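Input: a single structure, listed below in C-alpha cells.
The values are calculated or read from the model by the stated rules, or taken from the named source; none is laboratory data. These numbers were taken from a predicted model, which means no experiment stands behind them. Methodologically, a virtual Cβ is constructed for each residue, glycine included, from the backbone with ideal geometry; neighbour enumeration extends over all protein chains shown. Surface areas here come from the heavy atoms of the whole protein model, side chains and all, with no ligands, DNA or RNA. Shrake-Rupley method; radii C 1.70, N 1.55, O 1.52, S 1.80 Å.
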Amino acid sequence: MKEKLVLIGNGMAGVRTIEEILDRDPERYQITIIGEEKYPNYNRIMLSNVLQKKMSVSEIITNPIEWYEENQIKLINHDPAVKMDTDNKKIITQSGKEIFYDKCILATGSRAFILPIEGAQLPGVVGFRTIDDTENMLEASQKYQKAVVIGGGLLGLEAAKGLLDQGMDVTVIHLEKWLMETQLDEKAGKMLQADLEKQGLKFLMEKATQKILGETRVTGLAFSDGTTIETDMVVMSIGIRSETTLARTTTIEVNRGIVVDDFMKTTVPDVFAVGECAEHNGNVYGLVAPLFEQGKVLADVLTGKEAKPYQGSTTFTSLKVSGCDLYSAGNIRETEGINSIEAFDGINYTYKKIFVRENQVVGVVLYGDTSEGNRYYNILKKNESIEEYTPVSLLHMVGEEASADVSEWPDDEVICGCNGIDKGTIMTAINEKDLTSVADVTKHTKAGGSCGKCKSVIGDVLAYALGGEVVSAPTGICGCTDLSRDQIVTQIYAKKLTSSDEVYRELNFTNPEGCPKCRPAVNFYLNVAWPKEHADEKESRYVNERLYANIQNDGTFSVIPRMRGGKTNPQQLLLIAKVAEKYDVPMVKVTGSQRIGLYGVKKEDLPKIWEELDMKSAGAYAKAVRSVKTCVGANFCRFGTQDSMGLGIKLEQRYEFIDTPHKFKMGVSACPRSCVESGVKDFGIIGVDNGFQIYVGGNGGTEIKEAVLLTTVETEQEVIDICGAMLQYYRETGIYAERTAPWIERMGFDVVKEVLLDPEKRQELLSALDEAVIGRRGNPWDEVVEDNNTRQELYTVGRV
Amino acid sequence: MEKIFVGQLDELAPRMGKEVIVWGQKIAVFRLSDDRVKAIENICPHKQGPLAEGTVSGEYVFCPLHDYKINLNDGQVQEPDEGCVRAYETIVENDLVYVMV
Ligand SMILES: Cc1cc2nc3c(=O)[nH]c(=O)nc-3n(C[C@H](O)[C@H](O)[C@H](O)COP(=O)(O)OP(=O)(O)OC[C@H]3O[C@@H](n4cnc5c(N)ncnc54)[C@H](O)[C@@H]3O)c2cc1C
Ligand code: SF4
Ligand code: FES
C-alpha cells in the first residue's frame, strides 16, 4: 500500500508542492487534493490580467482536470475541508466525506481582509482573490458606473486598472502619503500615481474610510474627515489574512499563520504547511516566489531527500499594469547603516534607487525601466560585494551594458524570480528536450509561468541557446504561438510566406490550424503583405466577415445597406420598406452611423434580400473602413462653412471596402459645433472658415479616446490624401484588432504625424494602398448574389 | 438509427460548417481540412450559438458567439467551460455525405 498524502487547498503553493513531489518520486504517494473552489489549479496572479481582459479564464488554468487524472490524483473539488482530526489522521469535508491521511499538507492560502466597518456586508462590497471574485467584478462593471478601490497596494492598483479598462469611473482610496508604500519610496510612489492618473485613475490620498453607505447596496463611502464619495461598488484591498480556520480546529500552533519550522513542519506530527497560510520565523509571505521555495523544501522532506532548511525569502514585486513598470526588492528603508544611490532621468521619466549596506546591495526600487531588475535581484540574493561596480554611471554608450547580454550571465543567475529558475536550468532543458519556444520552456521548467515578466529574458536565453535562430517574443498574439505581431509579419516577408498554412507550419505554431484569435489576424497580415499572391481565406474570417452580415445574439443576422454620407432618397426608402415587409424583418432601426439596419434576418434570406435591395453593403460587420457620418453642413445648416456631406460621400467612395486592423470610422462636421462628434472618430474632420481640421485616433469604443488634432488643411483633396495615407500606414503597422487610438499611442503620435504630413511618404503610402486594393474592392454582396456556388455553400440550410 | 444523406462532399467548403435540419434537429456538418466530415448538434450549450458559423481548427469548432471550444468528435465542450452537444456519426461514400440520426 502506498502512503496516503492529502493536500488541503488546491491553490498555487499546494499544487506546486505536489508537482515537485511528482518530479522527485511519482510512485511514492496516493494523493488526494481537497479544494474549495470549483476550478482546477489556476494561476491566481493572472486574475489581474483577466480583469484587465488581457487573458481569459481558460488561459490561466495551469493544471487542467486531465493533469489530475494523468497523475492519478484524486480531486475533491468545490467541497472545502471543514474539520481535521489529527489524532485519527482524518479530514472531513463540507459534504461529509471522510478522508484519512498518513501525511497532510495545509495550503489554504489566505483571504482578502475586509475592514470591519459599518456597511462592509452590503452587496457591492467585494474582495479580489478568486476567479469568482473576478467574474463578479467584470459583471458589475457592465451594470454600474462608479467603483472605489480601498487600498493603493499592488492588488488594489491592479484591480483599479482592470475596472478602469472595463469603462468604470474608478477612484483609489489610500491611507498613506504615497502608493505601495511598503515597496516603493515616496518618489517612485508619486511617479506611479502620476502615470496612473494619466491612464484615467483617480486618487484620494491620506483618507481613512469610516463607513460604507447604502441601504440595500453600496451607494458611497464616508471618510473620517467628514467627506464622502459616491460609488456603486467597493473593492477592499487592504491586505490579506492567512486562512487558518481549519488548523484552529486542531492543536496545531497558529499565530498570524500556521507556525512551521525550517522544514515546513507544523507542531503536530505528519502535518505540514506551505504558502500564504504558513508562518515561518514570524513571517507570512504574500507572493509566490517564497511559496515555491517552501514547496521545494517540503517536497524534499516528503520524498526522503536531504532537504536544505528553508531560511526565509527575499521578496520582490512588480506591477502588472501596462505603462507602469516598477520593480522593488529587498529592504528599501533608509535606516541606520543603509545608504542609497539614486538616479532620476527626467527625460525618459525613469528612476532607480539602490540601497546599500556595507558594500552589499540590500534593496532596489526601479521605476520606468525595470530591465535591470533581475540583475540587481541576483546581486542582492547572492550577497555579492559591489566594490567592483561603478556606483553611478550616467549616459553609458549603447552596448556597454554587459548586463543585457544573457550569453555572459553565469549559470546560477536567476531568470524567473517567481519560480527561482536560473539560467543553467533553462539552458539544460532547452538542450536536453529540444525546446524551441518560450511556452515550451515554461512547460518544462515553470520559468515564466507565474507573473510572466521574465518571458522576454527567457526568449533571449532561448535565442542564445539555439544560436540565435529562433527569436521568441515575450508575448505571442495568442495561445498558439510565442511570436508577436511584429515577428510574424517580419517572417512573412523574410520567408515569403503566402498562405496561413505556411505561416503555421514555418513558424511552428503549436496549433497547426490556429484559433479564432490568430486565424483572422494572420489572414489579414497576409492580405496586406501579399495582396496579389495571397488569396483571402474565408474560413479564417470571423462569421460576420464571412457572411457579410453581423451575427446577432439569437443567431440571426443584420442587413445594413450603404447610404454614402448618410444621405438617402425616397426610392431607397421604398425599397428598404418593401423588403422589410416581404421578409418579415422583425426590426428596422437607424444605426449609430446614420444608416438604416434590418435586424433579425435569417441567414437563408440574406442573398435574396440583397438582390432585391439592389444596394451595396455598408460593411457594418467588418474590420474595415466603415461608413462616414456627416452633418448637413453648408447645404442647409446656417452655421455650415463646408460641404460636409459632399466630402463624406467622396471619402466613402474612395475608401469603402478596404480592410483595416480594426473598424475605421469617420465623421465630417461642417463647423466646430461638430454635430457628428468628429472628436471621437478614427478620422474626424471639422470644417472651418479657411479649410478643414483633421483629428485622428478618436475612439468611441470600449475605451473612449478623444481624437488629437493632426493638422489643418485647405482643400478636400488634402483631406482625402491624408486619410488614405493613414489607412495604409495603419494597415501596415497595426496589430490586428487594435483600434487607431492604441495604435497611435504605441507608435507615438509624433511619429504618425511626421509620416502623414511628409508629402513624399504620404505619396508612397497612397500608391501602396492603391496597389494593394486593386481588384479587391467590389461590393461583397454582389459576389454572393451572382455566385451560386457560394450561395449554396454558405447560405443554404439542408433539410431532410 | 438511420443513415441520412445530407449532401455531396464538394458542396461543403473545408473548415466551414453547414447547417442541415434532419427531422427538426439542427445539425452542423463540417468538412475538416483533411476532408473528413464531422457532425454535431448545431446549438451551443452556452447561449445557443449556431456552431456551424464558428471557426474550425483541427477537430474543434469555436462557437461564433462567445468562443466555446467544442470537440467535433464527441461534442464535448473544452475546459474551462462546461457542457456538451450531441455528436453524430458520419459516413462518406463516393463523395456523398451521410449522417447517422
Ligand atoms: C489578483 C492577484 C494578483 C496577484 N499578483 C501577484 C504577483 O504579481 N506576484 C506574486 O508573487 N504574487 C501575486 N499574488 C499573490 C499570489 O497569488 C499568492 O501569493 C499565491 O496564490 C498564494 O498561494 P497559496 O497556495 O498559499 O494560496 P492560494 O493560491 O490562495 O490557494 C489556497 C487555496 O486553498 C483553498 N482553501 C482555503 N481553505 C480551504 C479548505 N478549508 N478546504 C479546501 N480548500 C481550501 C482556497 O479556496 C484556495 O483555492 C496575487 C494574488 C492575487 C489575488
Ligand atoms: S456641425 Fe456645424 S454645420 Fe454641421 S450641422 Fe452642426 S452646426 Fe451645422
Ligand atoms: S453561445 Fe456558444 S459560446 Fe456562448
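Looking only at helices (runs of 4 or more DSSP H) that lie completely in segment A:500-600, which have at least 1 residues being out of contact with any helix residue (DSSP H, G or I) (no Cβ under 7 Å at 6 or more places or on another chain) and open to solvent by 50 Å² or more (accessible area, probe 1.4 Å)? If you could, list the steps in order and put the result at the bottom.
Details: elements: A:500-506, A:518-529, A:543-547, A:570-582.
Fully inside segment A:500-600 and qualifying: A:500-506, A:570-582.
Going through segment B:32-49 one residue at a time, which ones are open to solvent by 20 Å² or more (accessible area, probe 1.4 Å) and either more than 9 Å from chain A (Cβ to nearest Cβ) or under 19 Å from A:Lys603 (Cα atoms) (or both)? It would help to see each step written out before you state the result.
Let us first name the residues in segment B:32-49 that are open to solvent by 20 Å² or more (accessible area, probe 1.4 Å), namely B:33-36, B:38, B:41, B:43, B:45-48.
Selection gives B:Asp34, B:Asp35, B:Arg36, B:Lys38, B:Glu41, B:Ile43, B:Pro45, B:His46, B:Lys47, B:Gln48.
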With the requirement that a residue be within 9 Å of another protein chain (Cβ to nearest Cβ) and not basic (Lys, Arg), what does segment B:12-31 give you? B:Leu12, B:Ala13, B:Pro14, B:Met16, B:Glu19, B:Val20, B:Ile21, B:Val22, B:Trp23, B:Ile27, B:Val29
Using beta carbons and a limit of 7 Å, which pairs, at least six apart or on different chains, have the first residue in segment A:491-503 and more than 23 Å from B:Ser33 (Cα to Cα) and the second one in a helix (DSSP H, G or I)? A:Tyr493/A:Ala529; A:Lys495/A:Glu506
Regarding A:Glu135, is this residue within 14 Å of chain B (Cβ to nearest Cβ), more than 14 Å from ligand 1 (Cβ to nearest atom) and loosely packed, with under 15 Cβ neighbours inside 10 Å? no
When A:Glu3 is evaluated against the numbered criteria (1) within 14 Å of chain B (Cβ to nearest Cβ); (2) of a type outside the set (A, V, I, L, M); (3) surrounded by fewer than 15 Cβ atoms within 10 Å (Cβ to Cβ), which criterion, by number, is the only one it fails? (1)
Please give the number of the condition A:Leu710 fails out of (1) closer than 16 Å to A:Val680 by Cβ; (2) of a type outside the set (Gly, Ala, Ser); (3) touching a Pro at 6+ places or on another chain (Cβ under 7 Å). (3)
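Take the conditions in contact with a strand residue (DSSP E or B) (Cβ under 9 Å, 6 or more places away or on another chain), among the basic types (Lys, Arg) and open to solvent by 20 Å² or more (accessible area, probe 1.4 Å) and apply them to A:Lys296. Does it pass? Walk me through how you get there before you give the answer.
Values: in contact with a strand residue (DSSP E or B) (Cβ under 9 Å, 6 or more places away or on another chain): no; among the basic types (Lys, Arg): yes; open to solvent by 20 Å² or more (accessible area, probe 1.4 Å): yes.
The answer is no for A:Lys296.
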Could you check how many residues of segment A:636-653 are outside any loop (DSSP other than H, G, I, E, B) and either near ligand 2 (Cβ under 8 Å from one of its atoms) or surrounded by fewer than 19 Cβ atoms within 10 Å (Cβ to Cβ) (or both)? 3
For a quick check of your reading of the model, give me the residue pairs whose first member lies in segment A:631-654 and is more than 14 Å from chain B (Cβ to nearest Cβ), whose second is away from ligand 1 (no atom under 16 Å from the Cβ) and of a type in the set (Asp, Glu), with beta-carbon atoms closer than 7 Å and at least 6 apart or on different chains. A:Gly633/A:Asp643; A:Ala634/A:Asp643; A:Asn635/A:Asp643; A:Thr641/A:Asp689; A:Leu647/A:Glu716; A:Lys650/A:Glu716
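Per-residue answers, yes or no, for (1) part of a loop (DSSP other than H, G, I, E, B); (2) at pLDDT below 85:
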residue: A:Leu366; (1), (2): no, no
residue: A:Tyr376; (1), (2): no, yes
residue: A:Leu395; (1), (2): yes, yes
residue: A:Ala429; (1), (2): no, no
For residues in segment B:6-32 being without any contact (Cβ under 8 Å) to a residue 24 or more places away in the chain and not in a strand (DSSP E or B), which is farthest from ligand 3 (Cβ to nearest atom)? B:Glu11
Subset of segment B:70-86 that is surrounded by 18 or more Cβ atoms within 10 Å (Cβ to Cβ) and within 12 Å of the chain's Cα centre (by Cα) - its residue that is nearest to A:Asn544 (Cα to Cα): B:Ile70
Which residue is farthest from the other protein chains (Cβ to nearest Cβ), if the candidates are limited to segment B:79-94 and must be modelled with pLDDT under 90 and touching a helix residue (DSSP H, G or I) at 6+ places or on another chain (Cβ under 8 Å)? B:Asp81
